[in-house]
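The values are calculated or read from the model by the stated rules, or taken from the named source; none is laboratory data. Keep in mind that this is a model prediction, so the values were computed, not measured. As a convention, Cβ positions derive from the backbone with ideal geometry for all residues, glycine included, and neighbour counts pool all protein chains shown.
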Amino acid sequence: MNTDAAQHAAVPRGAPPEAPETGLFSLADLSVETVTRLAERSVELHRDRAAHDRPLAGATVGVLFTKPSTRTRTAFTVAAVRLGAVPVTYGPGDLQLSTGEAIEDTGRVFGGMLDGLVARTAGPLAELRRLSRSGHLPVVNAMATEEHPSQGLCDLATLRLCLGDDLRGLRLLYVGEGNNTAAALALALAGIPGCEATFACPPGYGLPDDLVSAAGKRAARNGAVIDRRDSAADLPSGVDVVYTTRWQTTGTSKPDAAWRERFRAFHVDEEFMTRRPGALLLHDLPAHRGDEVTGAVLDGPRSVAWTQASMKLSSAMAVLEWALGPQRRPGTYTGASAA
Ligand SMILES: NC(=O)NCCC[C@H](N)C(=O)O
């Protein structure tokens, strides 16, 4: 028997203690400067996808999507590969999480093997924070109930690409469901000096109070305004951008059987756009043509939705570089440096 007591004592025992969370959870956690820098970097990487020196070389990144995803999953997987990492992908039902293993236990195991995790659960954001704290690893929120921060960064980057770096005084009108995408967009816009953003959603389907309050405080510091409306009447016509998303948000259902009737007035068609000359159309996709937007608008000359979709890749690269790059990567958990 090996009786080297010092060696035995070095082997960690018991559950590892928690560490401070790292990664991207909500744009509200980031300074306006960091949000701006990430959007700027997304544009740079969109223009030149090779403008990096593989900062994730040697890293292994978990990509966990328990809900459907076309753009975000592809973007983060390809971004990880382009930045030099090896992605390990998990779909719904792949992890013991689906058989009842605790979030913390999952985090601890991930932390011993992965350098970071990108996760879409469309569940509570708090779960992603717990994964990071228990696993000592950076976690990127690829869409939780409350917010879709990487979409907000992509949208800000798309606005910079289309309208220039100086977005001061931007006027944006959002119509539809006050979902995770709208929440991230409100927080992103709140950092633009002089921005006037109106979020018009049917009664009962608007942005939640806590989000409006957080975005409003951020906006006030930057001379911006985040205005929540629950009527489609008298919406601003002098706007630079119209933004809409599909009405059936991932992981949600509407108890009201007549919900579609309540949304009808909040759809974007040619007439809506004609009353807003010069406005661009953004849409996070997937689209349901005929519901929130007509095909003629989505595929027409004022839509930048397809450029916006392609910028999911460069914004995912910017996020991974920032959240998992060598300067942030804590290294896998060995138990030796639990403090
Ligand atoms: N761009 C995306 O990530 N699209 C998928 C999600 C769209 C929308 N926010 C939803 O929750 O269903």
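In table form, for the structure just shown:
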read-out	value
Per-region count, region 253-308, residues over 23 Å from Gly204 (Cβ atoms), within 16 Å of the ligand (Cβ to nearest atom) and among the hydroxyl-bearing types (Ser, Thr, Tyr)	2
Residue that is nearest to the ligand (Cβ to nearest atom), among those in region 53-95 that are small (Gly, Ala, Ser) and assigned to a loop (DSSP other than H, G, I, E, B)	Ser69
Residues satisfying the stated conditions in region 104-132, i.e. among the aliphatic types (A, V, I, L, M), within 16 Å of the ligand (Cβ to nearest atom) and on the phi < 0 side of the Ramachandran plot	Val118, Ala119, Leu125, Leu128
Among residues of region 120-129, those that are surrounded by fewer than 24 Cβ atoms within 10 Å (Cβ to Cβ) and either closer than 21 Å to Glu321 by Cβ or outside the structural domain of Phe65 (by the TED database) (or both), counted	0
Region 6-27, residues that are part of a loop (DSSP other than H, G, I, E, B) and either in contact with a strand residue (DSSP E or B) (Cβ under 6 Å, 6 or more places away or on another chain) or not small (Gly, Ala, Ser) (or both)	Val11, Pro12, Arg13, Pro16, Pro17, Glu18, Pro20, Glu21, Thr22, Phe25
Lone qualifier among Val241, Val225, Val212 - being more than 22 Å from Met143 (Cβ to Cβ), within 24 Å of the chain's Cα centre (by Cα) and not assigned by the TED database to the domain that holds Ala142	Val225
Filter pass, Thr250 being surrounded by 19 or more Cβ atoms within 10 Å (Cβ to Cβ) and either within 16 Å of the ligand (Cβ to nearest atom) or not hydrophobic (A, V, I, L, M, F, W, C) (or both)	no
Condition met for Gly58 (outside the structural domain of Ala157 (by the TED database), touching a residue at least 12 places away in the same chain (Cβ under 8 Å), small (Gly, Ala, Ser) and surrounded by 15 or more Cβ atoms within 10 Å (Cβ to Cβ))	no
